[in-house]
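The block underneath contains the structure these notes are about, expressed in structure tokens.
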Amino acid sequence: MSQNQSTSEPISAAEHSDNQSHTRHFDVVINGGGMVGAAVAVGLGQLGLSVAVIEARAPQAFDVSQPLDVRVSAISVASAQLLSRLGVMENLLTLRHVPYTGLETWEMEGCITQFSAEQVAEPLLGYFFENRLIQLGLWQQIETLTNVELFCPAKVDKFERIKPLGKGESLDVAQDAITIELDNGSILSTHLLVGADGANSQVRQWAGIGLTGWDYSQSAMLINIETQTPQQFVTWQQFTPQGPRSLLPLPGNNASLVWYDSPARIKQLMQLNDAQLAEQIRENFPSRLDPHFTVKAKGSFPLTRRHAQRYFESNLVILGDAAHTINPLAGQGVNIGFKDVDILITQVASAIGNGDVWWHDCVLKRYQQARYVDNQLMMTAMDAFYAGFSNDILPLKILRNGMLKLANIDGPIKQKVLKYALGL
């Protein structure tokens, strides 16, 4: 049996006592120090809790001469507000980014839906950042917190639950705890283990939390290009039967293209050299794209939907991609992860303020109740949008283009849709 199986026997109080001199206790241990995990660490650390973060690789220091990374996120207004509360946004805005003020989507000419920041009385709709820069900004904030410690590079070798104490036994560490053994020999114990360790979450698997979901039989290709067009502030997306073609503005005269297609087609495109790929882009992307560009970088990934059957167990909680992976159609992945972070921090802070045991099931259940249905709703909406446009059925094509045309009429419904997308 694997040492990380959820059926492993809990260690006894006596065994824990033997190892106690080698064990360091933290209020919270977070497995995963990416964008979501690092945000949790900052937020819970700012509440005064002792926090350990386990991560295999540290983000690279920033230098303006570095090429733009292909992994880019559209940070919503709500996510930017969270990062501001964490004390990170001001520093992030000194690094490479693009504020965007417009979003446009269409299938046929004349049936376009245009959203703008003005429609919701906001100065902008959000920002485009390279993922690694968001992670870097959060790590820099972690370094200012003396009660948050990074274990990096490190990986988890083993999780164990501490068996409840018998009559007359005593232990310095609270009995409702989990121990974590790292590959560098360190042993940690905690009241709350947080799984922010991605779609293949080690924490989720150890806890025996099941998944529902499916593969979309599509892949997405990310392509960074350098254009002759000045910096853009509108992101756009055209639907085709094979999948959307999107442009995300990047700093300067750069942009990120997102090409959705069958796995076989994306695999074939990934094998082309930059000049050949550029020619394929010109043939398959809308004429709105400036044809005078050069390909700078590329990457690809399969599209999958996964949703955990629950978000918590005793002394354990999952969030971000460990809890859900969503079709990236509207760039909501990291934003719903940051919503998870915001609610978890809020619920823990509320419990501490009320003098409650902040790691108990009732607190974690409130986090799950606040996030599960909302995440399910967003995932279902993206699936419906994806399924509705990824075909060439004529009656459906007429219907959906009529809906896009109607959706472009300014009014309360359009404002509500946009506010929901922005997390407001």
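The values are calculated or read from the model by the stated rules, or taken from the named source; none is laboratory data. All values reported here derive from a predicted model rather than from experimental measurement. Please note: Cβ atoms are built from the backbone with ideal geometry, for glycine as well, and neighbour counts cover all protein chains shown. Accessible surface areas use protein heavy atoms only, side chains included; no ligands, DNA or RNA. Shrake-Rupley method; radii C 1.70, N 1.55, O 1.52, S 1.80 Å.
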**Request:** Enumerate the pairs (first residue in the range 248-272 and of a type in the set (D, E, K, R); second residue anywhere and assigned to a strand (DSSP E or B) and open to solvent by less than 50 Å² (accessible area, probe 1.4 Å)) with beta-carbon separation below 7 Å, excluding pairs fewer than 6 apart on the same chain, so at least 6 apart or on different chains.
**Result:** Asp261/Gln218; Asp261/Ser219
**Asked** List pairs: first in the range 358-377 and farther than 13 Å from Val317 by Cβ, second open to solvent by 20 Å² or more (accessible area, probe 1.4 Å) and outside any helix (DSSP H, G or I), Cβ under 9 Å, 6+ apart or cross-chain?
**Response** Asn375/Ile326
**Prompt:** Looking at the range 322-346, which of its residues are at pLDDT below 95, within 21 Å of Ile209 (Cα to Cα) and open to solvent by 10 Å² or more (accessible area, probe 1.4 Å)?
**Reply:** Thr325, Ile326, Gly333
**Request:** Starting from residues that are in a loop (DSSP other than H, G, I, E, B) and in contact with a Ser or Thr (Cβ under 9 Å, 6 or more places away or on another chain), keep the ones in the range 347-362 and report whichever is least open to solvent (accessible area, probe 1.4 Å).
**Result:** Trp358
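Conditions (1) in contact with a strand residue (DSSP E or B) (Cβ under 8 Å, 6 or more places away or on another chain); (2) closer than 23 Å to Gln238 by Cα; (3) buried (at least 19 other Cβ atoms within 10 Å of the Cβ), marked per residue:
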position	(1), (2), (3)
Ser79	yes, no, yes
Phe115	yes, yes, yes
Leu124	yes, yes, no
Phe128	yes, yes, yes
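Sort out for me the strands (runs of 3 or more DSSP E) sitting completely within the range 142-229 that have 1 or more residues that are modelled with pLDDT under 95 and touching a Ser or Thr at 6+ places or on another chain (Cβ under 6 Å).
Fully inside the range 142-229 and qualifying: 211-227.
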**Request:** Identify the residue in the range 52-76 that is among the hydrophobic types (A, V, I, L, M, F, W, C) and within 26 Å of Phe115 (Cβ to Cβ) and, among all such residues, is least open to solvent (accessible area, probe 1.4 Å).
**Result:** Ile75
**Asked** With (1) of a type outside the set (D, E, K, R); (2) touching an Asp or Glu at 6+ places or on another chain (Cβ under 7 Å); (3) part of a loop (DSSP other than H, G, I, E, B) as the list, and Ala56 as the residue in question, which single condition is left unmet?
**Response** (2)
**Asked** Of all residues in the range 108-130, which are among the polar types (S, T, N, Q) and either under 20 Å from Arg85 (Cβ atoms) or part of a loop (DSSP other than H, G, I, E, B) (or both)?
**Response** none
**Request:** Hey, could you check the range 230-268 for residues that are open to solvent by 20 Å² or more (accessible area, probe 1.4 Å) and part of a strand (DSSP E or B) and say which is farthest from Phe312 (Cα to Cα)?
**Result:** Asn254
**Asked** Restricting the search to the range 305-321, which residues are in a strand (DSSP E or B), open to solvent by less than 40 Å² (accessible area, probe 1.4 Å) and not hydrophobic (A, V, I, L, M, F, W, C)?
**Response** Arg305, His307
**Request:** Check Asn391 against each of (1) within 18 Å of the chain's Cα centre (by Cα); (2) polar (S, T, N, Q); (3) modelled with pLDDT under 70 and name the one condition it does not meet.
**Result:** (1)
**Looking only at the range 237-252, and only at residues there that are touching an Asp or Glu at 6+ places or on another chain (Cβ under 6 Å) and either at pLDDT 95 or above or not hydrophobic (A, V, I, L, M, F, W, C) (or both), the one that is nearest to Tyr127 (Cα to Cα)** = Gly243
